[in-house]
Amino acid sequence: MSEKFISPVRSLKGELHLPGDKSISHRAAILGLLAEGQTRVYHFLTADDCLNTVKACQQLGAKVEIKGEELNISGCGWVGLRPPKDVIDCGNSGTGVRLLAGVLAGQAFESVITGDEQVQRRPMRRIIDPLKAMGAEITSEPGGLCPLRIRGGNLSSLNYLSPVASAQVKSCLLLAGLYARGRTLVTEPSSSRDHTERLMRYFGIPIRTEGLTVSVEGGVLPQGREITVPADISSAAFFLVAAALLPGSDLRLFNVGMNRTRTGVLEVLRVMEADIAEDNPRTQAGEPVADLAVKYRKRIQGAQIKGAKLIPRLIDELPILAVAAAAAEGETLIAEADELRVKETDRISVLVQELKNIGVAIEERPDGMLIRGGKILGGKADSHGDHRLAMSLAVAGLVSEKGVTLNNPECVRTSYPEFWDHLAAVTL
Ligand code: S3P
């Protein structure tokens, strides 16, 4: 494990083509596995998380070719999956485990799925219980933890009221629903990201959305497609915040995903008075995209970040929004964000601890944090092997007084292997 010094910089200038969206890349590979025929994915995210999902698809029988950012996958045609010879290891990816578990629940063979130590601490009961209710046999480690041993097949449909707004739970059940007799319905307390629904429709599966309920009829075979994955707004967020904080910044980011279930970060940054413009709006494989231009305008202001409708739309961006708040004028409250505690790390406690270490006035709350804006002093910080914490602390270093020495910076390869190179290319 290494250390990296992130020195304070003056501004961010230039243009970036950011890597593909992580959520959509996982789903494209999985639907490619289940589809009849060939699926070609352009701008696929070739980061560890999605590459582990590709490996799982190969273990289940898909033929895969990756050339740069292009993924070609010959599907198994829904019922043609074969039993994996080894344990399916999703590495750091909770999305990989939970979505693939939905697929495995539909198979009449036994398989074992797991991930790294962080994944092995993440709650899986949220998918185990409803999948069992559909008829899958699943055993886990005590407390509903990975590894999961799954024997599926012969599923019945389910009308499930999910206690959490989680796209991973919803997607898991929609994928299992493809294998169930009848129509599977999932109702969420508020809307989570809807990439699975959009991509299933694009692959020819009729999905119904009525208010907070999404449903799918079992037995429909997805058709292989060509898709281009938009750039990941969660990766864009680090650059948007850095440019909004550093005087003189002027940055353009191309082809960024603008799905409304993901754009909470833009709304909050605008409330904080950041200057972000959207150009050239268009639709790509059923997903809205646009180019973003961010310019420094004035010191950004603290904000209230809470509410069941907003939090799921920016859950992965809360660490970088906490950094924005630390450098803003005034107080910021992040509340109703308990789900942050069950991400790659407990992102409430780890973020509070690490931001304190670099001189931020921050208080932990059970469901979030209170941040008093001001200057970020800098010092030593640890990513805890959490990719989004590493990138958030890097931005804290750029805007700090004396820089940040970051432990374990290489974990960015989970979602954004080019992060350090991209940062170097636009910092002055
Ligand atoms: C994701 C859903 C979210 C998000 C994660 C990716 C997805 O998790 O935090 O990074 O691709 O479905 P939850 O479903 O647990 O909210």
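The values are calculated or read from the model by the stated rules, or taken from the named source; none is laboratory data. As the structure is a prediction and not an experimental result, all values here were calculated from the model. Here Cβ is always computed from backbone atoms with ideal geometry, including for glycine, and neighbour counts include all displayed protein chains. Heads up: the accessible areas ignore ligands, DNA and RNA and are worked out on the full protein's heavy atoms, side chains in. Shrake-Rupley method; radii C 1.70, N 1.55, O 1.52, S 1.80 Å.
Structural remarks
- With every protein chain in place, the chain: carbon and sulfur % of accessible area (1.4 Å): 48 percent
- Pairs with C-alpha atoms separated by more than 29 Å, drawn from the list K4/K63; K22/K85; K343/K380; K306/K356; K295/K375, are K4/K63.
- Zero-based 5 Å bins, Cα pair distances in the range 116-184, whole percents: 4, 17, 28, 24, 18, 7, 2, 0
- Using all pairs of distinct alpha-carbon atoms, the Kirkwood hydrodynamic radius of the range 185-275 works out to 15.7 angstrom.
- Neighbour net charge for H422 - beta-carbon separation under 14 angstrom, K R +1, D E -1: -1
- Once C-alpha pairs closer than 8 Å and six or more residues apart are averaged by separation and normalised to the residue number of the chain, the relative contact order reads 18 percent.
- What you get for the chain, charging only the Cβ of Lys and Arg (+1) and of Asp and Glu (-1), is a dipole of about 480 debye around the Cα centre.
- Structure-based [θ]222 nm, the chain - -39500 (n - 2.57) summed over DSSP H runs of at least 4, per residue, nearest 500: -9000 deg cm²/dmol
- Stokes-Einstein D (µm²/s) once Rh is taken as the Kirkwood radius of the chain over alpha-carbon pairs, at 37 °C in 0.692 mPa s: 152 µm²/s
- Peptides ranked, highest mean first, by Cβ atoms within 10 Å: ranges 370-376, 175-181: 175-181, 370-376
- Other-chain or far-sequence residues with amide H under 5 Å of D382's (modelled H): N407
- For the range 57-62, putting each phi into the Karplus relation 6.51 cos²θ - 1.76 cosθ + 1.60 with θ = phi - 60° gives couplings of 4, 5, 4, 8, x, 6 Hz, in residue order, rounded to whole numbers and with x for Gly and Pro.
- ³J(HN,Hα) computed for each position of the range 360-366 - Karplus, 6.51 cos²θ - 1.76 cosθ + 1.60, integer Hz, glycine/proline x: 8, 7, 9, 10, 7, 10, x
- Amide hydrogen neighbours beyond the local backbone of R299, cut-off 5 Å, H modeled: none
- Take 279-289, 96-106 and order them by the average number of nearby Cβ atoms within 10 Å per residue, most first; the result is 96-106, 279-289.
- Spherically averaged projected area of the range 22-228 from its Cα convex hull (nm²): 9.7 nm²
- Between the helical axis of 387-398 and the longest alpha-carbon principal axis of the chain there is an angle of about 10 degrees.
- Centroid-to-centroid separation of the range 4-34 and the range 164-243 [C-alpha atoms, Å]: 20 Å
- Unit charges on C-beta of K, R, D, E only; dipole of the range 82-157, Debye: 180 debye
- Anisotropy class of the range 1-133 from Cα gyration tensor, a/c 1.5 cut: oblate
- Cut-off under 5 Å, modelled amide H: who pairs with A361 long-range: R372
- Packing-based ranking, highest mean first, of 332-338, 347-353 given that Cβ atoms within 10 Å are counted: 347-353, 332-338
- Å² per residue, accessible surface of the chain at 1.4 Å: 36 Å²
- Distance between the C-alpha centres of the range 355-425 and the range 83-119: 31 Å, rounded to the whole angstrom.
- J(HN,Hα) series, the range 322-331, from Karplus relation 6.51 cos²θ - 1.76 cosθ + 1.60, nearest Hz, glycine and proline x: 5, 5, 4, 5, 5, 9, 7, 8, x, 8
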